[in-house]
Amino acid sequence: MQTRFLFPHRFKAIGLIMAIPSFIFMAFNLFADYNFPFLQYEHHGTGKIDFDRKFLFNLQSHNFTAEIVGIIVIIGLLLAAFSKEKHEDERIATLRMESILWAVYVNTLFLIFSIIFFYADVFLSILTYNICTTLILFIIRFNLVLYMDKRKLNTEPQ
Amino acid sequence: MKNTIRVERAILNITQAELAEKLDVSRQTIHAIENNIYIPSTILALKMAKLFKKPVEEIFMLERKD
């Protein structure tokens with residue numbers, strides 16, 4: 001069966017290489033406030049605009065490390081999640097769909113739990129992590145299913 | 001749905017891995033079909049029937065709960 005919208009198999013490794021270091025770096029950025037100086041932007045204009053500083057074209061001063069690293073993490077996770085397996089067949093496509101469903105369910109339950117138990121800035125930071133939790137849950141579940149499948153088979157006779 | 005793939009495989013005297021290779025699927029898929037964990041697509045079922053030289057109904061049968 002031809003599965004559409006999947007990247008070639010080699011992108012799985014490329015995705016992981018992109019996602020894991022940048023994910024660790026993102027943690028440094030969030031908790032230790034580490035930024036790349038060359039990504040610092042300062043507005044050098046005559047008149048300073050005082051309204052709506054949160055929009056890209058109105059920014060007065062900002063360091064773009066978090067944004068760039070965040071994009072790399074998301075693209076990396078996407079590649080790692082949606083690349084073809086080495087031996088892609090129809091059952092793997094089914095397992096993939098089941099894992100996506102599972103990941104969305106678990107993520108939704110986690111969100112409901114967070115809405116009830118966490119408030120204000122803690123809730124906002126949970127929402128920030130939520131940008132990539134669905135993909136992470138999916139990658140873990142899908143690869144675990146494939147791994148257990150393979151291991152179960154090796155213990156059985158031909 | 002149940003199937004007689006294990007029997008057909010014994011008649012041809014081929015392993016799960018060999019059958020998988022002939023059908024261009026993984027051995028896990030053959031294993032899962034034999035153990036009624038996974039229901040194959042129509043394309044795969046027809047390919048199997050062709051390989052075993054039997055009508056599909058003789059390899060795959062509906063069960064009461066289907």
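FYI, it's all coordinate maths here, none of it is from the lab. Note that the coordinates shown come from a computational prediction; the quantities given were computed from them, not determined experimentally. Positions of Cβ are backbone-derived with ideal geometry, glycine not excepted, and every protein chain shown enters the neighbour counts.
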Tell me what chain A gives for mean residue ellipticity at 222 nm when only DSSP H runs of n ≥ 4 count, each as -39,500 (n - 2.57), the sum divided by the residue total, rounded to 500 deg cm²/dmol. -23000 deg cm²/dmol
Summarise the partner chain shielding of A:8-19 as one whole number: the mean count of Cβ atoms from other chains within 10 Å of each residue's Cβ. 0
Run through all the Cα pairs of segment A:1-133 and give the fraction in each 10 Å bin from 0, expressed as whole percent. 10, 26, 31, 21, 9, 2, 0
If we sort A:115-128, B:28-41, B:4-17, A:14-27 on the protection proxy, mean other Cβ atoms within 10 Å, highest first, what's the order? B:28-41, A:14-27, B:4-17, A:115-128
Exposed loop trypsin sites (Lys or Arg not before Pro) only (DSSP loop, at most 13 other Cβ atoms within 10 Å): please give the longest stretch of chain A free of them, not including the sites. A:87-158
Efficiency of FRET between A:Tyr119 and A:Phe31 - r from beta-carbon atoms, R0 22 angstrom, step 0.05: 0.60
Taking R0 as 35 Å, what FRET efficiency do you get between B:Glu18 and A:Glu67 from their Cβ-Cβ distance, rounded to the nearest 0.05? 0.10
Measuring from the lowest to the highest alpha carbon on each principal axis, how far does segment B:25-64 reach, largest first, in angstroms? 27, 24, 14
Each residue of B:29-39 has, on average, a number of other protein chain C-beta atoms within 10 Å of its C-beta equal to 3
Efficiency by 1/(1 + (r/R0)^6): what FRET value for A:Val106 and A:Leu144, r their Cβ-Cβ distance, R0 = 22 Å, to the nearest 0.05? 0.95
Of A:Asn143, A:Asn58, A:Asn130, the most mobile residue in a GNM of chain A (C-alpha springs, cutoff 10 Å) is A:Asn58
Log entry: pair-distance distribution for the protein assembly as shown, C-alpha pairs binned every 5 Å from zero, whole % per bin is 1, 6, 10, 12, 12, 12, 10, 8, 7, 6, 5, 4, 3, 2, 1, 1, 0, 0
Give me the Kirkwood hydrodynamic radius of segment A:89-158, using the inverse of the mean 1/r over all pairs of distinct Cα atoms, in Å to one decimal. 13.9
When each of B:Lys2/B:Lys54; A:Lys12/A:Lys84; A:Lys150/B:Lys47; B:Lys2/B:Lys22; B:Lys22/B:Lys54 is checked by Cα-Cα distance, pairs over 18 Å: A:Lys150/B:Lys47; B:Lys2/B:Lys22
For peptide A:91-103, the mean count of other chain Cβ atoms within 10 Å per residue Cβ is 2
